[in-house]
Amino acid sequence: MSKTQEIYVAGLRNAHAMENQALAIMRPQVSRIEHYPEMAERLDQHIAETEGQLQRLDRLLDLAQSSNSGLKDTALSLGGTMAALGHSMAPDEIVKNSFANFAFEHYEIAA
């Protein structure tokens, strides 16, 4: 594998792990939203988009004759779960989740 392809595959693996982290953050959030149906609907849409992005990343990894990094996927998913859990105990959980989701989305864009 050329150096260029190694960097490309590493980027795909990182993006795959980041999308798994996003799911680990959003799924618990949407399951607890009670008073904001519009936000729950948008999170459901974002979850579906993220699942589609994971499928596209899997196809790109297959085309590059590689696969996702189980270690990266697991580590970032665990981090996402912990982040979502940390907000769940706050009285302003919806606000904290909104800030965190905004920041995370822009991190994804930058990456």
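The values are calculated or read from the model by the stated rules, or taken from the named source; none is laboratory data. Keep in mind that this is a model prediction, so the values were computed, not measured. Methodologically, a virtual Cβ is constructed for each residue, glycine included, from the backbone with ideal geometry; neighbour enumeration extends over all protein chains shown.
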ALA10 versus (1) among the small types (Gly, Ala, Ser); (2) without any contact (Cβ under 8 Å) to a residue 40 or more places away in the chain; (3) buried (at least 17 other Cβ atoms within 10 Å of the Cβ): which is the lone unmet condition? (3)
Given the structure, is ILE25 farther than 23 Å from ALA110 by Cβ and in contact (Cβ under 8 Å) with a residue 60 or more places away in the chain? no
Of the residues in region 69-95, those that are surrounded by fewer than 16 Cβ atoms within 10 Å (Cβ to Cβ), part of a helix (DSSP H, G or I), more than 12 Å from the chain's Cα centre (by Cα) and not hydrophobic (A, V, I, L, M, F, W, C) come to GLY70, GLY86, SER88
Residue check for ALA111: touching a residue at least 60 places away in the same chain (Cβ under 8 Å) and farther than 10 Å from ILE25 by Cα: yes
Taking region 16-47 only, how many residues are surrounded by fewer than 17 Cβ atoms within 10 Å (Cβ to Cβ), among the small types (Gly, Ala, Ser) and under 19 Å from GLY86 (Cβ atoms)? 1
Note on SER66: of the conditions (1) out of contact with any Lys or Arg (no Cβ under 6 Å at 6 or more places or on another chain); (2) surrounded by 13 or more Cβ atoms within 10 Å (Cβ to Cβ); (3) assigned to a helix (DSSP H, G or I), unmet is (3)
Pick from region 55-75, criterion among the basic types (Lys, Arg) and modelled with pLDDT of 95 or more, ranking: farthest from HIS16 (Cα to Cα): ARG59
